[in-house]
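Working notes, structure below.
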Protein chains: 4
Amino acid sequence: MNVRTPDPNPGWLSEEDLYEARRRLPMVYVEAIPVRLDSLGYVTDVGLLLQASEEGQMVRSFVSGRVMYRETIRAALIRHLEKDLGPLAFPQLPASPIPFTVAEYFPSPSETGLTDDRQHCVALAYLIPVTGECDPRQDALELTWMSPEDALSPEVQSEFTGGRGNLLRQALAHAGWCR
Amino acid sequence: MNVRTPDPNPGWLSEEDLYEARRRLPMVYVEAIPVRLDSLGYVTDVGLLLQASEEGQMVRSFVSGRVMYRETIRAALIRHLEKDLGPLAFPQLPASPIPFTVAEYFPSPSETGLTDDRQHCVALAYLIPVTGECDPRQDALELTWMSPEDALSPEVQSEFTGGRGNLLRQALAHAGWCR
Amino acid sequence: MNVRTPDPNPGWLSEEDLYEARRRLPMVYVEAIPVRLDSLGYVTDVGLLLQASEEGQMVRSFVSGRVMYRETIRAALIRHLEKDLGPLAFPQLPASPIPFTVAEYFPSPSETGLTDDRQHCVALAYLIPVTGECDPRQDALELTWMSPEDALSPEVQSEFTGGRGNLLRQALAHAGWCR
Amino acid sequence: MNVRTPDPNPGWLSEEDLYEARRRLPMVYVEAIPVRLDSLGYVTDVGLLLQASEEGQMVRSFVSGRVMYRETIRAALIRHLEKDLGPLAFPQLPASPIPFTVAEYFPSPSETGLTDDRQHCVALAYLIPVTGECDPRQDALELTWMSPEDALSPEVQSEFTGGRGNLLRQALAHAGWCR
């Protein structure tokens, strides 16, 4: 961000500048929890990504990523869903832009209970039905579909980091999951 | 409801009893506004039914109907969507049971602004994306797809009765429609 | 409902007729979970009623009751809050009529996980901040304020019946409670 | 953001760096529409700020501002409400962090219909009941309380810029305002 001469890519941030920005400004994120629905709309399966953390630990996560400059929330959602689930997942974006919750991750513990070492990020979180075939790309090793019961089991919950297990709980509560 | 001997259809109400019940108890309804969404989830079209009212006037309405005894909200939604849009509409019920609003219709004017001559009804209102072909049955003469702009035009608004035009406004506001 | 002559109280149902109606029609209910909020809106305490069930067991419950004929949701909420918490509770009704969930209770087990022996009821459920003094009346023995952690503890959860413990979970999830 | 030596105020951005950041990253904002509610929760009055724009035009606006690094949404809301309405407004923050909509402002026209010359900003928008006395400070000339009808009149709508008039429409629709 030290370039003051006309800039051919005004919305572009170098890795270095992005690193700095993450220590000065809250980042806007979208977070999507892929689900399979039956014909009545009940959640039958939750899709969880399995990834290696920087420390080499296997952790569960959701589809997640930054909203770019001049990008709409919806465009960011589609971009990250396609990146993490492949081009044939056919995610169904909701008619309403209202998230099921706003997840606030901080670099140190706070009242929100959500942490992210790298940054303060404000994530708009959505439940996204997907109807197609998922083929995780990039750094995700695997996408696992499991029942809501299994996703909330202590074993799977222990594989989440940064408080994301509770986010899943909130998502299923929003879906009226009640057992 | 004057039958006290064992009743083979305990959830069944005669026309006469239903007529009476409508004058004594609020009825539970579901109301669905069918929409077409683009790949980003923006509403491109709203589906409005055109029906003849009891007075022979042509009026606009939504998919709407009673929740039966022992029927879930979701089952009632699917039943009324299929009845009003035909079996090939492929409505996508949402993961969450939370309606975009609760519409309270009263037999006489009230603070809600919504009226229904026949009854006091509490309608859970949903925006429902449909992806298939709609073929209105029963007493609906026609399903018209139109843009949100056209649906909110004074001309179309004048074809709604009982305050339903405002319900459409609320639905589109919920979808973030903003122009 | 067997009166066909002009009726001086058309919205009134005899105990007998109400008993019958409960076996033929879904009843409209409101359900309110009283909470104390701190100045930032975080839930600090949840108010749970302690009542004797018909079998003489002590059970936890929420403020809850029927919406009468020609009564608005908001009027029913205020009426039941005042009845269960006393006239000095000062409940703050929300600007929006959208419930945090729609709770469907059935007289026998169903996919909703919520049961009510007496009836099929569709309850619009709200979190209601109260700022005043609560003085439970009627058949409630006690109103207990407790932290969200305590309210979700296995011990307290075991005091709920009909699946209401999960409703509390959904309420706190809606409030972003995340620990 | 050109400081790479240890920084005593790591969350602090110089005016210059903030100017640059606004051209490279979406900013996180909160937006609050102050309302007066009656005892049933119906909106009786909407509070609109009257401010001079940079071009000296009088424009209507809401309470609005940036979320700082390491600041929660709730803390940002309280800070901006206090800044714009004074210390005696007694705003009541909601139990739920879910906004009534997510308003996306872009520096040039887009599908959201919302614009902000200075930046791309993602604003979480809330309806906030206030019960105390408001005494606008800073650069706001005046806070005007008006009925929902008046706030939606063509005259007042013409005093909004950047599409904010539609945001007010969405807020009132969320509150079930229906006339």
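The values are calculated or read from the model by the stated rules, or taken from the named source; none is laboratory data. All values derive from a computational prediction rather than experimental measurement. Every residue, glycine among them, receives a Cβ derived from its backbone with ideal geometry; neighbour counts consider all protein chains shown. Accessible surface areas use protein heavy atoms only, side chains included; no ligands, DNA or RNA. Shrake-Rupley method; radii C 1.70, N 1.55, O 1.52, S 1.80 Å.
Residues of the stretch B:157-179 whose accessible area (probe 1.4 Å, heavy atoms of protein chains only) drops by at least 30 Å² once all protein chains are present, relative to their chain alone: B:Asn166, B:Gln170, B:Ala173, B:His174, B:Ala175, B:Cys178, B:Arg179.
Using the charge dipole of the stretch D:26-174 (Lys, Arg: +1 at Cβ; Asp, Glu: -1 at Cβ; taken about the Cα centre), state which of D:Trp145, D:Pro94, D:Phe106 has its Cα farthest towards the positive end. Comparing the listed Cα positions along the dipole, D:Pro94 ranks first.
Note on chain B: dipole from Cβ charges, positive end direction compared against B:Val122, B:Gln51, B:Val35; the farthest Cα belongs to B:Val122.
If you take every residue apart from D:Leu40 with its C-beta less than 10 Å away from the C-beta of D:Leu40, what net charge results, scoring Lys and Arg +1 and Asp and Glu -1? Here the charged neighbours net out to -1.
Here C:Arg137 and C:Ser108 are evaluated by their C-beta separation; at R0 = 41 Å the FRET efficiency comes out at 0.80. When a 1.4 Å probe is rolled over the protein heavy atoms, the share of accessible surface on chain A that falls to carbon and sulfur comes to 51 percent. Under a point spin-label approximation (7 Å from Cα along Cα-to-Cβ), what is the B:Thr161-C:Glu15 distance to one decimal in nm? Label at B:Thr161, label at C:Glu15, 4.1 nm between them. Charge tally for A:Thr131 (other residues, Cβ to Cβ under 15 Å; Lys, Arg +1; Asp, Glu -1): -4. By the compact-protein rule of thumb, 2.2 N^0.38 Å, the alpha-carbon radius of gyration of the stretch C:128-179 corresponds to a ratio of 1.25. In a reduced charge model with +1 at each Lys and Arg Cβ and -1 at each Asp and Glu Cβ, the stretch A:26-174 shows a dipole moment near 560 debye about its Cα centre. Copy D relates to copy B by a rotation, and the D residue whose beta-carbon is nearest that axis, with the distance in whole angstrom, is D:Ala173, 2. Placing a label point 7 Å from the Cα of A:Glu142 along the Cα-to-Cβ direction, the distances to the matching points in the other copies come to 4.9, 5.6, 6.6 nm, shortest first. Pairwise Cα distances in the stretch A:26-174 exceed 24 Å in 26 percent of cases.
Quick one, what does Rg over Rh come out to for the stretch B:111-156 if you take C-alpha atoms and the Kirkwood Rh?
Values: Rg = 14.3 Å, Rh = 14.2 Å.
In the stretch B:111-156, Rg relative to Rh is 1.01.
Expressed as a whole percent, the proportion of Cα-Cα pairs in the protein assembly as shown lying more than 51 Å apart is 11%. At the listed q of 0.17, 0.20, 0.25 Å⁻¹, the Debye profile of the stretch D:14-73, built from one uniform point per Cα, gives log10 I(q)/I(0) equal to -0.83, -0.97, -1.07. For chain B, the longest principal axis of the alpha carbon atoms and the long axis of helix B:73-85 meet at an angle near 70°.
For chain A, what is the relative contact order in percent, using Cα pairs closer than 8 Å and at least 6 residues apart in sequence?
Relative contact order, chain A: 28 percent.
Counting only DSSP beta bridges with both residues in the stretch B:26-174, the antiparallel share comes to about 70 percent.
The region of chain A that goes longest without hitting one of the GluC sites (Glu not before Pro) in a DSSP loop, each with at most 13 other Cβ atoms within 10 Å, is A:56-132. Charging the Cβ of each Asp and Glu at -1 and of each Lys and Arg at +1, and nothing else, the dipole of the protein assembly as shown about its Cα centre rounds to 0 debye. Using the Cβ-Cβ distance between D:Thr44 and D:Arg70 with R0 set to 41 Å, the FRET efficiency from 1/(1 + (r/R0)^6) comes to roughly 0.65. Computing FRET efficiency as 1/(1 + (r/R0)^6) for D:Ser53 and C:Glu55, where r is the C-beta to C-beta distance and R0 is 51 Å, gives about 0.15.
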